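To start, the structure itself, in structure tokens.
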Amino acid sequence: MEQQKRQRSGGPLRIHWDDFETLLAIAETGSLSGAARHLKVSHATIFRRLGDIEKRLGVLLFERSRRGYLPTQAGEELAATAREIEARVLAAERRVVGRDLQPRGAVWVTTTDSLFAGLLAPLFAQFQQEYPGILLDIAVSNQPLNLTRREADVAIRASKAPPDHLVGRKLVDIGMAVYGRRADFKEGVGELKDLAWVGPGARLLDQPLRDWMFEQGYDHHCQFRVDTLIGMLNGIKAGLGVAVLPCYLGDHEPELIQLTDPIEPLSYQLWFLFHPDLRGVARINSLLDYMTAAIREQKERIAGTNRKPLNQDEHLNDQPDHY
């Protein structure tokens with residue numbers, strides 16, 4: 001440890017490796033309390049560490065103001081260096097972790113709540129039966145996690161254009177269609193514009209769906225809005241109206257019925273994505289190959305192309321031309 005605190009010339013270092021972690025946490029959170037939460041230490045510990053660093057360097061690193069802790073020029077230079085160190089450490093970790101030939105160890109997977117509930121949960125269970133040496137740690141979140149910073153190893157997500165800095169594989173096409181509660185359509189289906197709709201809330205990241213509903217005139221019939229696909233599904237089941245859902249989710253529910261063919265402008269692709277540094281890691285490749293085969297077996301259901309025809313007394317009078 002003492003050798004780590006000395007320069008090659010033999011003199012003592014004024015700043016240590018763990019000092020950069022402290023400075024970066026303060027710079028990115030803008031407060032001592034935020035840095036303390038991030039590093040899982042007390043506020044007093046961060047206060048003491050910062051004072052010690054500034055004393056050793058003989059320079060003020062942060063200005064204290066009502067807006068929080070703002071880095072001085074010296075503080076910003078050290079924070080930038082800390083970001084470079086963090087990026088290099090994470091890259092080295094990605095390169096060396098899991099380079100064994102046997103598929104074992106943990107894989108951190110991030111996916112959305114709708115994909116987990118409507119498609120992936122049983123596949124994960126089957127995968128772990130076949131690969132008991134691999135532990136899957138699933139982060140179910142509708143907000144994307146940063147794979148570069150190792151917030152997750154793998155992302156299984158719907159996308160029209162996945163990030164260029166990640167690698168992976170397109171698994172299947174995801175169809176989107178209008179679904180309703182089966183019990184509400186025993187006597188047939190009238191015009192969609194005459195129905196109550198469950199619409200996407202403002203925080204649901206699906207602008208194409210909002211645009212489509214506005215263009216088709218369905219937006220004005222929304223009596224209920226919600227910011228997750230699972231919430232929209234539950235709105236249908238509660239009898240609040242019809243809604244557009246991904247077919248893997250709508251077809252997963254026996255209470256629902258698919259009322260339209262897949263809506264082409266709203267389709268997505270399902271991707272398995274990971275950082276390039278994880279190429280060649282046995283457990284990642286095992287999960288990739290397994291999920292590819294298992295999901296593609298259901299490609300028609302996921303695309304919504306296996307829709308059962310409506311009864312003869314059911315009809316749709318206002319399907320858009322692009323169905």
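The values are calculated or read from the model by the stated rules, or taken from the named source; none is laboratory data. As the structure is a computational prediction, the values presented were derived from the model and not from experiment. We place every Cβ from the backbone using ideal geometry, glycine too, and count neighbours over all the protein chains shown.
Scanning segment 244-260 for residues that are assigned to a helix (DSSP H, G or I) and either of a type in the set (Phe, Trp, Tyr) or closer than 17 Å to Pro208 by Cα (or both) yields Cys247, Tyr248. Suppose the filter is in contact with an Asp or Glu (Cβ under 9 Å, 6 or more places away or on another chain) and assigned to a strand (DSSP E or B); does Gly239 pass it? Against the criterion (in contact with an Asp or Glu (Cβ under 9 Å, 6 or more places away or on another chain) and assigned to a strand (DSSP E or B)), Gly239 does not qualify.
Residues that are of a type in the set (A, V, I, L, M, F, W, C) and within 20 Å of Gln269 (Cα to Cα) were ranked within segment 206-232; the one that is farthest from the chain's Cα centre (by Cα) is Trp212. Within segment 62-90, residues that are assigned by TED's automatic domain parsing to the domain that holds Leu24 and on the phi < 0 side of the Ramachandran plot sit with their Cβ atoms under 6 Å from residues that are surrounded by 14 or more Cβ atoms within 10 Å (Cβ to Cβ) and at pLDDT below 90, at 6+ positions apart or across chains, in these pairs: Leu90/Arg150.
Looking only at segment 129-164, filter to residues that are in a loop (DSSP other than H, G, I, E, B) and without any contact (Cβ under 8 Å) to a residue 24 or more places away in the chain; which one of those is surrounded by the most Cβ atoms within 10 Å (Cβ to Cβ)? So that I can check it myself, show each step before the final result.
First pass over segment 129-164, keeping only residues in a loop (DSSP other than H, G, I, E, B): 131-133, 141-153, 160-164.
Next, from what is left, pick out any that are without any contact (Cβ under 8 Å) to a residue 24 or more places away in the chain: 132, 143, 146, 161, 164.
On the way: Pro132: 9, Gln143: 8, Asn146: 12, Ala161: 7, Asp164: 6.
So the residue we want is Asn146.
Restricting attention to segment 233-249, does a residue exist that is buried (at least 22 other Cβ atoms within 10 Å of the Cβ) and touching a Cys at 6+ places or on another chain (Cβ under 7 Å)? No, that holds for no residue. Please verify whether segment 34-51 includes one or more residues that are in the same structural domain as Ala82 (by TED's automatic domain parsing), assigned to a helix (DSSP H, G or I), touching a strand residue (DSSP E or B) at 6+ places or on another chain (Cβ under 6 Å) and surrounded by 14 or more Cβ atoms within 10 Å (Cβ to Cβ). There is no residue in segment 34-51 that is in the same structural domain as Ala82 (by TED's automatic domain parsing), assigned to a helix (DSSP H, G or I), touching a strand residue (DSSP E or B) at 6+ places or on another chain (Cβ under 6 Å) and surrounded by 14 or more Cβ atoms within 10 Å (Cβ to Cβ).
(1) of a type in the set (D, E, K, R); (2) in a helix (DSSP H, G or I); (3) in contact with a helix residue (DSSP H, G or I) (Cβ under 9 Å, 6 or more places away or on another chain): which one isn't true of Lys55, the others all being true? Condition not satisfied by Lys55: (3).
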